[in-house]
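The values are calculated or read from the model by the stated rules, or taken from the named source; none is laboratory data. Owing to the predicted nature of the structure, the values given are computational and were not obtained by experimental measurement. Cβ coordinates were reconstructed from backbone atoms using ideal geometry, including for glycine residues, and neighbour counts include every protein chain displayed.
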Amino acid sequence: MSVSQDTFRAALLDSARPVPEGLSDGHGRPAGARFSVYRNNVAVSLTEALEVSFPAIRKLIGDENFRGLMGIFLRQHPPTAPMISQYGAALPGFLEGFEPLAHLGYLPDVARLEQALRESYHAADAVAIDPAELQNLPPDALMGATLTLAPTLRLIRSRWPVHEIWAYNMEDGAPKPSGNAQNVLVTRPEFDPIATPLAPGGGTFIAALADGQTFGTAFEVATQATKGGGEFDLTPTLSALIAGRAIIQIRPGDSP
Amino acid sequence: MLDAHPFSALPPGPGVGYKAQYFQSIMENPAPVEWLEIHAENYMGDGGRPLAQLRHLSERFAISVHGVGLSIGGEGPLDPDHLARLKTLCGWLNPASFSEHLAWSTHDSHFLNDLLPLPYTAATLTRVADHIDALQEAIGRRMLLENPSSYLAFDKSTMEETAFLSELSARTGCGLLLDVNNVFISATNLNLDPHAYIDAFPLDKVGEIHLGGHDEDADDHGAPLLIDSHGREVADPVWSLLHYTLQRSGPRPLLIEWDADVPDWPTLAAEAQRAADALAQVPA
């Protein structure tokens with residue numbers, strides 16, 4: 001019986017295991033350290049894929065820590081499909097439970113934002129509505145309307161200033177994070193996703209729309225969520241949805 | 001030639017491995033590149049830039065779809081989800097060619113992102129042939145199977161790699177993708193004669209040739225160990241081996257692979273020009 005793929009795989013992912021027997025170097029000797037070529041290819045290629053997908057996490061903890069951390073992650077969560085540009089969806093959850101980095105409590109949400117940006121990049125194309133459609137709707141019909149949001153839309157709701165932390169690490173000249181909790185809208189106006197921090201109540205408003213609630217109900221729950229801050233200010237959130245070409249259908253409600 | 005080559009609808013000229021950053025250069029002035037190869041797994045999202053670029057490119061260029069993740073040599077059955085994704089891609093794109101590797105990469109639904117080696121035995125031959133049949137059935141076309149780059153050998157192998165590939169082609173009707181850089185790497189690493197490998201290869205089944213760069217290392221005993229990095233220019237002895245091959249095979253679609261430390265377009269186009277020059281010296 002030749003070395004099984006089970007044995008080969010186990011030795012690939014665990015350098016403490018011996019090189020499988022039955023492999024030679026073509027000069028009549030055991031393969032020995034030549035097996036490391038495969039070990040190295042697996043670990044390096046997966047780590048590089050994660051570097052591409054999670055640049056802010058890498059910047060936050062530094063190159064060396066990132067490589068060490070990804071070495072642990074990729075052995076606990078090897079890819080389950082061959083689309084390597086989509087690998088790493090399990091990283092936020094892994095970071096959540098990774099005790100040595102518990103003092104950086106915002107890391108999982110930053111990873112969620114990076115994952116959301118990547119999902120948006122690959123999401124299905126859809127044609128946005130003409131904003132005039134919204135403006136031309138009589139107020140009653142608007143309040144009763146339900147909206148279909150684009151497949152490229154993602155919403156990150158965080159108790160951390162997640163957009164500020166992400167931007168500070170990814171954009172030149174971005175200000176230092178302030179410390180306030182942030183919800184972030186990810187949209188894809190054409191091919192490049194953008195992340196927009198939402199005004200108070202904005203996350204609740206979009207989550208309600210995505211849940212199929214009417215425009216009016218979404219507005220109400222957003223106002224309730226804007227504790228003590230007065231009525232929900234719809235304008236910046238609606239502008240972000242329109243600018244992000246994130247509304248692809250309006251179904252007007254019945255007039256009361 | 002009046003007749004189309006039985007194993008390839010790609011033009012017998014130079015092609016390159018496509019990267020998103022080349023889009024504008026290629027659309028403006030692709031010369032001398034005549035066709036493009038994409039990695040199937042990079043075009044399995046639902047939309048966005050990758051698919052939009054590919055739609056544009058496919059209107060102007062013959063496209064070769066090169067799979068890197070099916071695990072044709074896997075001990076377990078092929079992943080039906082991945083077969084379905086390949087069928088979808090080949091369905092809308094209608095590529096000039098589809099190719100995959102004589103290797104495995106998935107075990108127990110864990111994808112290891114490397115092309116892992118196989119023992120050349122009767123049992124492996126039966127299993128790989130069954131997987132090729134399943135793939136060709138799923139995508140409704142004939143595939144090309146690529147020879148691997150080897151860093152070690154299996155004591156239990158009972159067949160030469162060239163005989164193994166010949167037999168697979170005979171059993172399944174698949175064509176072959178001859179990676180001349182892989183031949184040079186394997187021959188160096190396993191102490192074999194690369195020219196003898198080419199002599200034994202069924203060149204009439206070759207629908208495409210690959211060329212790429214490799215890195216030089218050494219093993220524990222100081223023996224040369226070449227690594228298939230695709231991260232630099234094609235090495236001179238690989239160009240020589242290509243000339244040797246083309247004299248025997250006649251012209252074939254010739255791909256430059258450069259996947260790591262990816263160069264700018266003029267550098268890649270210069271490598272493609274070298275491939276064009278090599279083809280120009282070949283009797284048709």
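The table below lists the values:
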| quantity | calculated |
| --- | --- |
| Matching residues in the range A:82-94 - criterion: being surrounded by fewer than 18 Cβ atoms within 10 Å (Cβ to Cβ) and either assigned to a loop (DSSP other than H, G, I, E, B) or within 13 Å of another protein chain (Cβ to nearest Cβ) (or both) | A:89, A:90 |
| Filter result (away from chain B (no Cβ under 14 Å) and among the acidic types (Asp, Glu)) within the range A:170-208 | A:171, A:172 |
| Any hit, the range B:103-124, residues being more than 24 Å from residue B:183 (Cα to Cα), among the acidic types (Asp, Glu), assigned to a loop (DSSP other than H, G, I, E, B) and facing another protein chain (nearest Cβ under 9 Å) | yes |
| Considering residues of the range A:46-66 that are within 30 Å of residue B:222 (Cα to Cα) and buried (at least 17 other Cβ atoms within 10 Å of the Cβ) only, the residue farthest from the other protein chains (Cβ to nearest Cβ) | A:47 |
| Top-ranked residue in the range B:67-90 [being out of contact with any strand residue (DSSP E or B) (no Cβ under 8 Å at 6 or more places or on another chain) and within 30 Å of residue A:7 (Cα to Cα); ranked as surrounded by the most Cβ atoms within 10 Å (Cβ to Cβ)] | B:82 |
| Flag if residue A:44 is at pLDDT 95 or above, β-branched (Val, Ile, Thr) and more than 27 Å from residue B:157 (Cβ to Cβ) | yes |
| Residue check, residue B:73 of a type outside the set (Lys, Arg), in contact with a Leu (Cβ under 8 Å, 6 or more places away or on another chain) and within 24 Å of residue B:180 (Cβ to Cβ) | yes |
| So residue B:258, is it aromatic (Phe, Trp, Tyr), surrounded by 15 or more Cβ atoms within 10 Å (Cβ to Cβ), touching a strand residue (DSSP E or B) at 6+ places or on another chain (Cβ under 7 Å) and within 20 Å of residue B:61 (Cβ to Cβ) | yes |
| Filter pass, residue A:179 being touching a strand residue (DSSP E or B) at 6+ places or on another chain (Cβ under 8 Å), surrounded by fewer than 19 Cβ atoms within 10 Å (Cβ to Cβ) and assigned to a loop (DSSP other than H, G, I, E, B) | no |
| Restricting the range B:94-119 to residues that are surrounded by 19 or more Cβ atoms within 10 Å (Cβ to Cβ) and over 19 Å from the mean Cα position of the chain (by Cα), the residue that is nearest to residue B:50 (Cα to Cα) | B:111 |
| Residue, nearest to residue A:58 (Cα to Cα), within the range A:149-176, restricted to residues that are aliphatic (A, V, I, L, M) and assigned to a strand (DSSP E or B) | A:156 |
| Residue in the range B:182-209 that is surrounded by the fewest Cβ atoms within 10 Å (Cβ to Cβ), counting only those that are in contact (Cβ under 8 Å) with a residue 60 or more places away in the chain and out of contact with any Lys or Arg (no Cβ under 7 Å at 6 or more places or on another chain) | B:205 |
| Test for residue A:118: is it basic (Lys, Arg) and in contact (Cβ under 8 Å) with a residue 60 or more places away in the chain | yes |
| Qualifying residues in the range A:6-28 (those that are within 7 Å of chain B (Cβ to nearest Cβ) and assigned to a loop (DSSP other than H, G, I, E, B)) - the one surrounded by the most Cβ atoms within 10 Å (Cβ to Cβ) | A:25 |
| Residue satisfying all of: in the range B:1-25; surrounded by fewer than 21 Cβ atoms within 10 Å (Cβ to Cβ) and not in a loop (DSSP other than H, G, I, E, B); nearest to the chain's Cα centre (by Cα) among these | B:20 |
| Residue A:64 being over 22 Å from the mean Cα position of the chain (by Cα), assigned to a helix (DSSP H, G or I), without any contact (Cβ under 8 Å) to a residue 12 or more places away in the chain and over 15 Å from residue A:9 (Cα atoms) | yes |
| Matching residues in the range A:95-141 - criterion: being within 14 Å of chain B (Cβ to nearest Cβ) and not in a helix (DSSP H, G or I) | A:123, A:124, A:125, A:126, A:127, A:128 |
| Considering residues of the range B:33-66 that are part of a loop (DSSP other than H, G, I, E, B) and surrounded by 17 or more Cβ atoms within 10 Å (Cβ to Cβ) only, the residue farthest from the other protein chains (Cβ to nearest Cβ) | B:34 |
| Residues that are part of a helix (DSSP H, G or I) and hydrophobic (A, V, I, L, M, F, W, C), drawn from the range B:68-102 | B:83, B:84, B:86, B:89, B:90, B:92, B:93 |
| Matching residues in the range A:32-41 - criterion: being at pLDDT 95 or above and either at the interface with chain B (Cβ under 8 Å from one of its Cβ atoms) or more than 34 Å from the chain's Cα centre (by Cα) (or both) | A:34, A:35, A:37, A:38, A:41 |
| Matching residues in the range A:126-145 - criterion: being surrounded by 16 or more Cβ atoms within 10 Å (Cβ to Cβ) and either under 13 Å from residue A:250 (Cα atoms) or free of Cβ contacts under 8 Å to residues at least 12 places away in the same chain (or both) | A:128, A:129, A:134, A:137, A:141, A:142, A:143, A:144, A:145 |
| In the range B:46-88, the residues that are more than 28 Å from residue B:116 (Cβ to Cβ) and free of Cβ contacts under 8 Å to residues at least 24 places away in the same chain | B:46, B:47, B:48, B:51, B:52, B:55, B:59 |
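Yes or no, residue by residue, for (1) touching an Asp or Glu at 6+ places or on another chain (Cβ under 8 Å); (2) not small (Gly, Ala, Ser):
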site: A:27; (1), (2): no, yes
site: A:49; (1), (2): no, no
site: A:52; (1), (2): no, yes
site: A:60; (1), (2): no, yes
site: A:75; (1), (2): yes, yes
site: A:87; (1), (2): no, yes
site: A:90; (1), (2): no, no
site: A:111; (1), (2): no, no
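To keep it simple, each residue is scored yes or no on (1) at pLDDT 95 or above; (2) not in a helix (DSSP H, G or I).
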| residue | (1), (2) |
| --- | --- |
| A:195 | yes, yes |
| A:199 | no, yes |
| A:207 | yes, no |
| A:212 | yes, yes |
| A:217 | yes, no |
| A:222 | yes, no |
| A:236 | yes, no |
| A:239 | yes, no |
